[in-house]
1. Would you list which lysines come within 22 Å of A:K308, measuring only between C-alpha atoms, while excluding same-chain residues fewer than 8 positions from it?
2. How about segment A:271-316: which chymotrypsin sites (Phe, Trp or Tyr not before Pro) there are in a DSSP loop, with at most 16 other Cβ atoms within 10 Å of their Cβ?
3. Of A:V25, A:N139, A:L265, whose Cα points farthest to the positive end of the dipole of chain A (charges on the beta-carbon: +1 Lys, Arg; -1 Asp, Glu; origin at the Cα centre)?
4. In the calculated pair distance distribution of segment B:38-153, what percentage of Cα-Cα distances lie above 22 Å?
5. If I fit a long axis through the Cα atoms of helix A:378-404 and take the longest principal axis of the Cα atoms of chain A, what angle between them do I get, 0 to 90°, rounded to 10?
6. Where does segment A:366-410 land on the Kirkwood hydrodynamic radius, alpha-carbon pairs, in angstrom?
7. Find how many whole Å separate the alpha carbon centroid of segment A:231-290 from the alpha carbon centroid of segment A:338-371.
8. In straight Cα distance, which aspartates and glutamates are under 17 Å from B:K78, not counting same-chain residues fewer than 8 positions off?
Amino acid sequence: MKRFFSVALGILTAIGGFVDIGDIVANAETGARFGIAHAWVLLVGVVGICVYAEMSGRVTAVSGRPVFDLVRERLGPRMALANLAGSVLVTVLTLGAELGGVGLALQLATSVGYLLWVPVVAVVLWAALWRAKFSVLENVFGLTGLALIVFVVAFLHLGPDPGQLWQQAAHPGPPQGEDWGTYWFFAIALFASALTPYEVFFFSSGAVEERWTARDLITSRINVFVGFPLGGLLAFALMLTSATVFHPLAMSVDSLSQVAMPAVLALGELGLAAALLGFFAATFGAAMETGLSAGYTVAQYFGWSWGKLRRPREAARFHTVVLGSIVAGVAILMTTIDPIQLTEYTLIFSAVALPLTYLPILVVANDRGYLGNRVNGRTANALGIIYLIVIVAAAVAAVPLMATTRMGAG
Amino acid sequence: MRTSRKLAVVAAVAVVFWAGLAVQLSRADDFRAYHRTVVQVAQGAHDAAQTAKLTAQIKAGHRATAAFTQAAFDDAAKALAGAQKQFAGQAPPGERGARLRDRLAPLLARETTAFGDVLRAGDDAALRAGARELDDVARQLNDFITGVLTGGN
């Protein structure tokens, strides 16, 4: 019974923890401008993160070591350094965007400007990462993130036109007034939002924190193959509500208040409360994950003692990197860059850095020295290679599309 | 390749990129650039009008907290101000551009007035009236955008 509850809790946490500021922004923006013509991209992205998260979970559960540790050992310090540089840069930018998202959620709840909230949120985040147990952090924010189910309920209340939505989903492409360049630009942003690099590093390092062994492989797979797709459904609900409310008005979405509006229109103050709680939990939870991920990757690369299983004094350099990342995230926001814009940039840079993250995972997951007979099977390799090709194509196209479409402005 | 050569290649690429950027940014405004700006301004103003309209409807229906509607109005105001700043920052390059400007400017002025009326609305009836006005402005901005994109000017 205890094991059942543990698995159920893992699934719920995976669902609630799937959505972050990137998913919120990318899904709401694409829903408003393109309807659900990008639904297939979300599906492709969710399957992709499942494929690679399963690999990294398996690598960690079998070897007892986090993926990044093995990447350095298997591919050498140079390749791992490229991986480290790309992923840490994107992770710190993402951390800044998540902190901004928390600030914006609090601004919507209190009308106090988000920039005033950011330093407060940063201190609370640091204190939480310093003091609280890993499982408490993961479970509390993962479960609270389930409040985003309000967008599923709101979608049903809004009385959508199923025929219209099906038409959009079945005929992918730009609607009138948009062009293929912006369509693909947003496709890449949406794809990158599902496959953000920090997610696999957090998943794999978290497995070490929770002392997974080969016996936990089934738990890992259930979390990935049940929790992530259901989490993807929450992201899809954001796209659906945005497509239902904003797309018919031919308007775009560029603020968090707009993202919350469908829930307010459908369910009033209750919907607003749930949406804000969901935004807060999703962004604060992701801020914790990105802060820890920055510490994990740097500490694992340099071979330092790391993790929340150890006392802070025993992993001082790890905690210093975490603190430094939080300070860097706050500094980025203090330039007064709009957090939504920061998120958009982060998604594009994330797309560029994706191959650096996912190629090494595929290599390590095929190494019998670490995994014995638990190396990738044919299906995992076929999917892994197909996704790697898609990831490389997205990485190559991201910056040219960003320039030619002026960040999707058209 | 030796490190010094690699560095030289990277530096050359950076210089070419920077020079390209400088040429791009210092190019004199032409009608195409102005046309693009006008469309972006109209789209920004249209989004602001729709957001303000929805917020006014939410406020009139007492469906959200004052903090939320205030923040949503602020977001719409910021979007409108951004569009107006962009509009004011670029002069029309010729007669065709001036015609575009003269069609868009009254719509922006009308939206500013309607937005102001909504912000200082004292009761639900005034909010609803303001929302209707914003809806009308948004529709006209949408027609303007469609006309400009399909007709050229």
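Every number here is computed from the coordinates shown, using simple stated rules; none is lab data. It should be emphasised that the depicted structure is a prediction, and the values quoted were computed from it without experimental measurement. Here the Cβ is made from the backbone with ideal geometry for all residues, glycine too, and neighbour counts use every protein chain on show.
1. The qualifying lysines are A:K133.
2. Sparse-neighbourhood loop chymotrypsin sites (Phe, Trp or Tyr not before Pro): A:W304.
3. Positive-end residue among those listed: A:N139.
4. 33 percent
5. Around 50 degrees separate the two axes.
6. Values: mean 1/r = 0.0777 Å⁻¹.
After inverting the mean inverse Cα-Cα distance, the result is 12.9 Å.
7. 26 Å
8. Partners within reach: A:D254, A:D338, B:D47, B:E111, B:D117.
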